[in-house]
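Only the coordinates and a few stated rules stand behind these numbers; no lab work does. The model shown is predicted, which means the values in this text are computed figures rather than measured ones. Cβ sites come from the backbone with ideal geometry, for glycine too, and all protein chains shown count toward neighbours.
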Amino acid sequence: MSVKPEVAGFKDPILIDLGKKSRRNIKRLRNGEGKLQAEVQETLNELKAKGTIADTAQPVIIIVREKPRGFSLNPLWPVA
């Protein structure tokens with residue numbers, strides 16, 4: 001996970017790159033729950049504690065890519 005920290009006081013967006021994650025985890029993040037949501041909250045709390053970002057509202061952009069689905073060598077065997 002990489003974070004682009006900004007100087008406190010500016011309203012530039014914060015970019016949080018979570019990397020490649022599963023389809024299920026991305027869905028849970030969109031619903032505001034799951035491991036990725038906890039990871040985003042933890043990162044924001046750390047940045048606030050360090051004083052990197054202000055406590056006031058600031059845009060946060062979360063970048064996450066979907067892992068490619070696995071494939072089966074047997075065409076009759078479904079892959080979930």
What residues qualify as long-range amide H neighbours of ILE53, i.e. H under 5 Å apart, gap of 5 or more or another chain, H built at 1.01 Å from N? LYS48
Mind giving me the FRET efficiency for ILE63 and ALA38? R0 is 25 Å, r the Cβ-Cβ distance, nearest 0.05 is fine. 0.90
Among the GluC sites (Glu not before Pro) within region 12-72, which fall in a DSSP loop and have no more than 13 other Cβ atoms within 10 Å of their own Cβ? GLU33
For each of LYS27, LYS21, count neighbouring Cβ atoms within 10 Å of the residue's Cβ, then give the residues from fewest to most. LYS27, LYS21
With r defined as the distance between the Cβ atoms of LYS48 and LYS20 and R0 fixed at 35 Å, what FRET efficiency is calculated, to the nearest 0.05? 0.85
